[in-house]
Amino acid sequence: MFTMTTRISVRHTRVGRFFVALLMVFGFASCHHEPKAIQLHGEAQGSYYAITYYDTLQRNLQPVIDSLLSDFDLTASLWEEQSLIRKVNANTDSTVNSLFCDLLTKSLAIEAYTQGAFNCKIGAVVNAWGFGFKHREEVTPQMIDSLLQGTQQLDAAHITVADHNGKTCYTIDKHPNIQIDFNATAQGYSVDLIAQLFDSLGITDYLIDVGGEVIGKGGKPNGEAWIVGIERPAKNRYSTPEVQQAIELKDLSVVTSGNYRKYYEKDGIRYSHTIDPTTGYPVDHTLLSVSVVSREAWYADAMATAFMVMGMEKAIEFIQQHPDNPDIQAVFFIYDNHGTYETYATPAFEKLITQ
Ligand code: AMP
Ligand code: MG
């Protein structure tokens, strides 16, 4: 069912016109007769955003997008001190908004679907390993065992949706020890929110990139598709990004999860920021990055993290066992084969590769 791609070389000819950290987006068209592309750049979720769109009304949507992203952070960001997620984790608030409820419901559904590879209740373990907003602790097996207890004690039954005088209220009845962490899907979710904004304004051609999570709708006025480059795993977090593979993105999103920029090293061992919820330890396998193509970015984001946890063999097995899910068919793996980078693309992903 799957074909192994040989090592794909970087095609420098198409690289470098427009650059972002995790994914590189390039290939803008420019022609006198075409509507002018509007390009926006800014900061979001401790990272950047880069957006290109075509709007016949030439509206500047930067203020709306900035406020949408900062509202999003006020609900879902662990780095925002006053955020709702910080209050829920500190047990000072249990009433949440519809956005929080949706993020939690979606995360719990992906947890069930991936048999626990994805788990948004892993926050305390993430913190202990030093990947949260707290400093790393001296991790012991006993500590991890006890922190893991909390990861199972919240499911859909703990979310109450009630109507109060025509207003819908959402309450989370969570165990005080549970620390929720939406980081594995939040960036993708925010990409979808911006896409929904464009859709609601009748803007049909856009490319949105928040911290390397991308969605491309429509295309360029000359009929060309959006082209996105997937980064070749870097040697370390300071390495200059290079493109491993370019793909066309039409009404699709692509999200990459990797271990080569977010990690720390101790005694010569590299610890990944992806935690295996069954062991409570950072994943340790030869998989360097996974790119998932889906219709919605939150979904691609969540599945990319889940596949990083599973490792390549189990992830491929999972994809084969779910042939009817159109959102996990186009997947691209980059793994380390005794010091050289090898790639493995599903047939659906190969169809997206630009010639
Ligand atoms: P991503 O870069 O999308 O793969 O998300 C990684 C981030 O999600 C980490 O920095 C943690 O905050 C959190 N995380 C780590 N492991 C998991 C997991 N197994 N399931 C859900 N979230 C996780
Ligand atoms: Mg993710």
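General observations
- Charge context of Ile247, other residues only, Cβ under 11 angstrom, K/R +1, D/E -1: 0
- Spacing of the modelled spin labels on Ser200 and Leu40, each 7 Å from Cα toward Cβ, amounts to 1.3 nm.
- Equivalent ellipsoid semi-axes - Cα gyration tensor, the stretch 79-179, angstrom: 26, 16, 11
- Summed side-chain charge close to Ile85 - residues other than Ile85 whose Cβ falls under 14 Å, Lys, Arg +1, Asp, Glu -1: -3
- Loop-resident GluC sites (Glu not before Pro) (DSSP state other than H, G, I, E or B) in the stretch 219-257 with no more than 14 further Cβ atoms inside 10 Å of their Cβ: Glu224.
- Estimated at 0.36 nm per residue, the fully extended path between Lys314 and Tyr48 surpasses their Cα-Cα distance by 92.5 nm.
- Compared with the alpha-carbon gap, the fully stretched path from Asp155 to Asp66 is longer by 28.8 nm at 0.36 nm per residue.
- The GluC sites (Glu not before Pro) found in the stretch 275-346 include none that occupy coil by DSSP while having at most 12 further C-beta atoms within 10 Å.
- Too-long pairs where the Cα-Cα distance tops 20 Å, listed order kept, from Lys36/Lys217; Lys106/Lys174; Lys250/Lys351; Lys174/Lys314; Lys106/Lys217: Lys174/Lys314; Lys106/Lys217
- Gyration tensor (alpha-carbon) shape descriptor, the stretch 175-237, a/c threshold 1.5: oblate
- Length gained on full extension, His338 to Asp173: 54.7 nm, using 0.36 nm per residue less the C-alpha separation.
Where a number appears in this text, it was derived from the coordinates with a stated rule and is not lab data. Remember, predicted model here, so these are calculated numbers, not experimental data. No Cβ is skipped: glycine too gets one built from the backbone with ideal geometry, and neighbour counts run over all protein chains shown.
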